[in-house]
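In what follows, a single structure is set out as structure tokens and then discussed.
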Amino acid sequence: MNTQTGFRGRQWLHGILFLLAGSSVSAHQHLSDVEFKEVPAIDGIVMLQGSGGNIAVSTGKDGLLVIDDDYQDLGEKLTASLNKLDDKGPRFLLNTHWHADHTGNNETLAGDGAIIVAHDNVRKRLQQGGEVKAFNMVIPPANPEALPVATYDESMKLYWNGWRLELIHPASAHTDGDTVVYFYQDDKVKLVHTGDLFFNGFYPFLDSGSGGSAKGMVKGAADILARIDDDTVIIPGHGPLASKSDLQAYHDFMKAAVSKIDSLKSQGKSADEVVAAKPLTEFEAEWGDGFLKTDQWVRIVYSAL
């Protein structure tokens, strides 16, 4: 694994630790050290990397369109980064799912004029609050100002800054409210933001408590691969910019790993017994350098089957 990938895995862990720590001094000190890194993706689209999920920003004559918005405590820094791209503020904000490292600044950006768009289930989960059981996290209901005001069921299109954006909801994958955003020009996908269906280079988190599915993650990655080509730029939910070959490697790993764990579970083995069987030994060197260690990830996949 390259050092940037490992770094992004640790950054995501730091964000989780921030949520678990609540308002502790150490947690806030961590986020006070975070600065958004601007990574050019393709002409007119940049990726911002802070402490949570990767953010995509489309710039142009229509104004800013933003995908995801990191943790709440990074609001001022995110606003400053967006103002460098266009000081008129964001016009649209798309949420790829409901987790706080992707929606923490919904209220802030809505206050700056952004229209929030997401899958139906994102609004429901933000409105009701919920629990991320893998990390013993209870998420309170969001303020009304943070809720998406435009939602969709299976697919939706937007036309913005010369792009045709297609928002596609895969069947339950990372959660039950995921959105994959495709940027089309001339009927060709130039860029895709995968949300957390794709963690580039390390074990992905699956939120079974929010309707996530291990097999759905595999299928979701396969569906993305079927729509793109070797020239498509991929913004993953976490990790560095990627290509189709990176996503293919991730899909192949996920398919094999999920199959191994599923086979053992189908034999009636408990989670402890599956962990003890060490089904992922061959994958640890390449995929185990993120925020989730192998035994923990096996349990997460087991619960999502």
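The values are calculated or read from the model by the stated rules, or taken from the named source; none is laboratory data. Please read these numbers as outputs of a predicted model, since none were measured by experiment. No Cβ is skipped: glycine too gets one built from the backbone with ideal geometry, and neighbour counts run over all protein chains shown.
Just a few scattered comments:
- The residues of the range 208-237 that are assigned to a strand (DSSP E or B) and under 17 Å from residue 170 (Cβ atoms), listed by number, are 234, 235.
- Residues of the range 45-72 satisfying the condition of being surrounded by fewer than 19 Cβ atoms within 10 Å (Cβ to Cβ) and either more than 19 Å from residue 159 (Cα to Cα) or out of contact with any Asp or Glu (no Cβ under 8 Å at 6 or more places or on another chain) (or both): 60, 61, 62
- Hey, residue 195 within 18 Å of the chain's Cα centre (by Cα) and at pLDDT below 95 or not: no
- Test: residue in the range 90-98 that is at pLDDT below 95 and of a type outside the set (Phe, Trp, Tyr): no
- Counted residues, the range 217-244 - those being of a type outside the set (A, V, I, L, M, F, W, C) and surrounded by 23 or more Cβ atoms within 10 Å (Cβ to Cβ): 5
- Single residue of the range 154-185 satisfying the filter (under 13 Å from the mean Cα position of the chain (by Cα) and among the hydrophobic types (A, V, I, L, M, F, W, C)) that is surrounded by the fewest Cβ atoms within 10 Å (Cβ to Cβ): 180
- The range 274-297 residues that are over 17 Å from residue 251 (Cα atoms) and without any contact (Cβ under 8 Å) to a residue 40 or more places away in the chain, paired with ones that are in a helix (DSSP H, G or I) and hydroxyl-bearing (Ser, Thr, Tyr) (beta carbon under 8 Å, 6 or more apart): 274/302
- In the range 212-229 there is at least one residue that is without any contact (Cβ under 8 Å) to a residue 24 or more places away in the chain and out of contact with any Lys or Arg (no Cβ under 7 Å at 6 or more places or on another chain).
- When the test is whether a residue is closer than 28 Å to residue 53 by Cβ and in a helix (DSSP H, G or I), residue 291 does not pass it.
Here is a yes/no grid of residues against (1) over 30 Å from residue 296 (Cβ atoms); (2) of a type in the set (A, V, I, L, M):
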{"position": "129", "(1), (2)": "no, no"}
{"position": "140", "(1), (2)": "no, no"}
{"position": "159", "(1), (2)": "yes, no"}
{"position": "171", "(1), (2)": "no, yes"}
{"position": "182", "(1), (2)": "yes, no"}
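- Residue within the range 77-96 that is closer than 21 Å to residue 241 by Cα, in contact (Cβ under 8 Å) with a residue 40 or more places away in the chain and assigned to a loop (DSSP other than H, G, I, E, B) present: yes
- Any pair with Cβ under 7 angstrom, 6 or more apart, that starts in the range 97-118 at a residue that is on the phi < 0 side of the Ramachandran plot and in a strand (DSSP E or B) and ends at one that is among the aromatic types (Phe, Trp, Tyr) and surrounded by fewer than 24 Cβ atoms within 10 Å (Cβ to Cβ): 115/92; 117/92
- Annotation: of all residues in the range 31-44 being in a loop (DSSP other than H, G, I, E, B) and among the hydrophobic types (A, V, I, L, M, F, W, C), the one that is farthest from residue 158 (Cα to Cα) is 34.
- None of 305, 280, 247 is among the aliphatic types (A, V, I, L, M), crowded, with 21+ Cβ neighbours inside 10 Å, over 30 Å from residue 47 (Cα atoms) and at pLDDT 95 or above except 280.
- Of all residues making up the range 122-162, the number that are part of a loop (DSSP other than H, G, I, E, B), touching a residue at least 40 places away in the same chain (Cβ under 8 Å) and not aliphatic (A, V, I, L, M): 4
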